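The values are calculated or read from the model by the stated rules, or taken from the named source; none is laboratory data. This structure is a prediction, so every number in the text was calculated from the model and none was measured. Neighbour counts run over all protein chains shown; Cβ positions are idealised from the backbone, glycine included. Side chains are part of the model used for accessible areas, which takes the heavy atoms of the whole protein and leaves out ligands, DNA and RNA. Shrake-Rupley method; radii C 1.70, N 1.55, O 1.52, S 1.80 Å.
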Amino acid sequence: MSRLLRANFSRLWKSKIFWLGMIFCVGIGLLSTLTQYREMMSIAGHHPHIDNILFSNSLFMPVVAAVFIGLFIGTEYSDGGMRNKLIVGHKRIEVYFANLITCTAALLMMHLADIAVIVAVGFPLVGNIEMPFSFLLLAGAVSIVALVALCAVFLLMAMLIHSKASCCVAVLILSLVFLTGAMTIENRL
């Protein structure tokens with residue numbers, strides 16, 4: 001399994017979709033922070049906190065995860081890498097868990113880059129964090145667990161569908177269904 005992980009991470013660092021996802025997450029973090037700052041400056045007496053935007057970009061992560069996993073795993077299928085791993089003698093469960101670890105690590109790096117930009121730019125512009133530290137840890141843990149769960153479901157679909165285009169479309173539709181369902185549940189609550 002260590003060889004599978006090494007190969008996956010080597011492929012990850014060379015992947016353009018990973019770096020585009022990282023740039024997108026950093027850009028979204030920067031945009032949300034600057035938007036919060038502009039709102040603070042335009043409305044007199046309005047003093048927002050960085051708490052409002054710290055985990056708000058988690059809504060974009062299902063779409064980012066769907067695109068990344070669909071293309072990253074779909075490319076491996078289309079290039080024959082998955083077949084080669086199975087021919088060499090690796091079990092399907094080893095390949096799945098190696099891909100799960102790699103995709104989860106990549107998505108966590110993207111999510112943490114987003115949070116790091118919000119903190120780095122938001123502290124000087126918007127202000128400090130007002131929420132208790134225990135709530136901050138709880139919100140961070142919930143966002144990480146949700147990201148791992150999404151990654152597991154999307155990876156399962158990506159590994160079951162052999163066509164790269166069909167895989168991307170199916171995973172994107174599933175992410176939109178999850179996003180719509182989550183918004184509906186939140187509105188009802």
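At a glance:
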{"quantity": "Residue satisfying condition, being open to solvent by less than 30 Å² (accessible area, probe 1.4 Å) and either in a helix (DSSP H, G or I) or among the hydrophobic types (A, V, I, L, M, F, W, C) (or both), within set S78, S58, S32", "calculated": "S32"}
{"quantity": "Residue satisfying condition, being touching a helix residue (DSSP H, G or I) at 6+ places or on another chain (Cβ under 9 Å) and at pLDDT 85 or above, within set V145, V119, V177", "calculated": "V119"}
